[in-house]
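In what follows, a single structure is set out as structure tokens and then discussed.
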Amino acid sequence: FQQNDEYVVTYNNVFLPKIGFGTAGLGFTKSYSSTFYALSKGFKMIDSAQAKEWYLEEEIGRAFQDYIRQTINDTSDTEDEDFNLKYKDFRKQYKIVSKLHPRDFGYHKAINSIESTLRAFGTDYIDVFLLHAPSCWPEENEEAPSSCRSQMGTNTWIDAYKGLEELYRRGKVK
């Protein structure tokens, strides 16, 4: 790793700001407004995750897209080629971090989850995508269909990591 006062540079040359805006626990009413506000005050990295208990990626992503649209003063349709060029150029200045919940471990589940984050943020790639935890944490009723462990099944973090590697090869994860 390389670093300076503002950034850390990963081995594969991704520049990450040392300070980012974490979005855990904001809830439905504050996810959009807090994320938009943070971006307007100069935050260049948004930290999110797919654990719907704590994060609302759709709202965080909507704030991200709206902020960029407002900043580039563009009211054209998102299908407009000019807008897409401006968006992609502006997008490079910001970093999106997200995390995969253990209940979504598995090769195909990981790929589908990452594609969900791409759609939520309206982007072609995620700068950093992490495994949120190596496994589910102990729960009161681990056999319940809604429990993390039940949803995880026999999938492991290794299966999920292979999905991350595939999306890295495709350029969907930096």
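The values are calculated or read from the model by the stated rules, or taken from the named source; none is laboratory data. These figures come from a predicted structure and were not determined experimentally. Here Cβ is always computed from backbone atoms with ideal geometry, including for glycine, and neighbour counts include all displayed protein chains. Just the protein is used for accessible areas: all its heavy atoms, side chains included, with ligands, DNA and RNA removed. Shrake-Rupley method; radii C 1.70, N 1.55, O 1.52, S 1.80 Å.
Of the residues that sit in the range 143-152 and are in a loop (DSSP other than H, G, I, E, B) and open to solvent by 50 Å² or more (accessible area, probe 1.4 Å), which one is modelled with the lowest pLDDT? Quick ask: steps written out before the conclusion?
Of all residues in the range 143-152, those in a loop (DSSP other than H, G, I, E, B) come to 143-147.
Restricting the remaining residues to those that are open to solvent by 50 Å² or more (accessible area, probe 1.4 Å) gives 143, 145-146.
Numbers: E143: 58, P145: 50, S146: 61.
By that ranking, first place goes to P145.
Checking each residue in the range 17-31 for being in a loop (DSSP other than H, G, I, E, B) and surrounded by fewer than 17 Cβ atoms within 10 Å (Cβ to Cβ) picks out K18, I19, A24, G25. Of A120, A49, A63, A110, all but one fail to be surrounded by 21 or more Cβ atoms within 10 Å (Cβ to Cβ) and without any contact (Cβ under 8 Å) to a residue 40 or more places away in the chain; the exception is A63. Scanning the range 98-107 for residues that are in contact with a Phe, Trp or Tyr (Cβ under 8 Å, 6 or more places away or on another chain) and open to solvent by 10 Å² or more (accessible area, probe 1.4 Å) turns up just one, K99.
I need the full set of residues from the range 80-104 which are without any contact (Cβ under 8 Å) to a residue 60 or more places away in the chain and within 16 Å of the chain's Cα centre (by Cα), in order please. Working first, answer last.
Here is the first cut: in the range 80-104, the ones without any contact (Cβ under 8 Å) to a residue 60 or more places away in the chain are 80-94, 96, 98-99, 101-104.
Answer for the range 80-104, where residues must be without any contact (Cβ under 8 Å) to a residue 60 or more places away in the chain and within 16 Å of the chain's Cα centre (by Cα): R91, K92, Q93, Y94, I96, S98, K99, H101, P102, D104.
Within the range 7-52, being among the β-branched types (V, I, T) and under 17 Å from the mean Cα position of the chain (by Cα) holds for V14, I19, T23, T35, I46.
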